[in-house]
Amino acid sequence: MVETYKDARSAGGGRAIVARIYDYLLGGDQNFPADREAARQLLQAVPDAADIAWSNRLFLRRAVRVLAEAGIRQFLDLGSGIPTQGNVHEIAQAVDPTSRVLYVDIDPVAVVASNELLMGIPGCRAIEGDFTRPDLVIDALHEGDLASVIDLDQPTALLYCAVLQQVPDDRVDEVVAPIRDRLVPGSAMVLSHLSAAAVTDTYEESSVSTAKSGAIFILRSGRLRRGAGRGWPARSRSLGVGSSAA
């Protein structure tokens, strides 16, 4: 049976989900009362949260454009969230229409909405999956036609945009390493994260939580990049994408 967007929305409205909180902060309408209440709690704790969300989105667009212009033609977006303007496939395919994108998100509403948006667009799919279970993501890449979307034996852009702040310090490497270590030369990894420096100087918090979703956003500084990049080849280099407040 093919799940419709209406089915997914009716099934997903009970508990706040990070993807839909993010959608609300970006001014979207793919969210429920629980998501909006959780977003309001987040805004009370961090009044700049909406601006940070937009900054992160603009960073993602810049990063994808730079990598597409550098020749990467496949993008694996983990924790991709609800579709909005300037999605990864739109940016990448504007550079090269043969670019392929796989979106992975745990929220069925995000996945169904993404696949409806992607109808008729070759080489692009969205699947339901938990980015904190990279073993299951890797298994999925070998199933059916997904192997024709993302082939880890080819240069790939691995995107972790504003999602690793949900992962405890002692799990960052186990979440990132299995896919990161499969990337071949010519690949890239994109990270954005809620900045400890940007938030703690103002709000004096090391983490932010929302009771409605149970989500805890962990604030970090440079140690995230050191942890997520552990084992990254010494020959790797940083591209001039710039930084984001997220």
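At-a-glance table
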| item | result |
| --- | --- |
| Top positive-direction residue, dipole computed over segment 117-187 with Cβ charges, set 177, 164, 119 | 119 |
| Electrostatic dipole magnitude of segment 28-101 [Cβ: Lys, Arg +1; Asp, Glu -1; Cα centre; debye, to 20] | 180 |
| Using a Förster distance of 45 Å, the FRET efficiency for residue 145-residue 15 (Cβ separation, nearest 0.05) | 0.90 |
| Segment 1-144, dipole about Cα centre (Lys/Arg Cβ +1, Asp/Glu Cβ -1), debye to the nearest 20 | 300 |
| For residue 161, solvent-accessible area (1.4 Å; no DNA, RNA or ligand), Å² | 20 |
| Förster-model FRET efficiency, 22 Å R0, residue 44 and residue 84, C-beta, rounded to 0.05 | 0.40 |
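The values are calculated or read from the model by the stated rules, or taken from the named source; none is laboratory data. The structure displayed is predicted, hence computed values, not measured ones. As a convention, Cβ positions derive from the backbone with ideal geometry for all residues, glycine included, and neighbour counts pool all protein chains shown. Heavy atoms of the whole protein, side chains included, go into the accessibility calculation; ligands, DNA and RNA do not. Shrake-Rupley method; radii C 1.70, N 1.55, O 1.52, S 1.80 Å.
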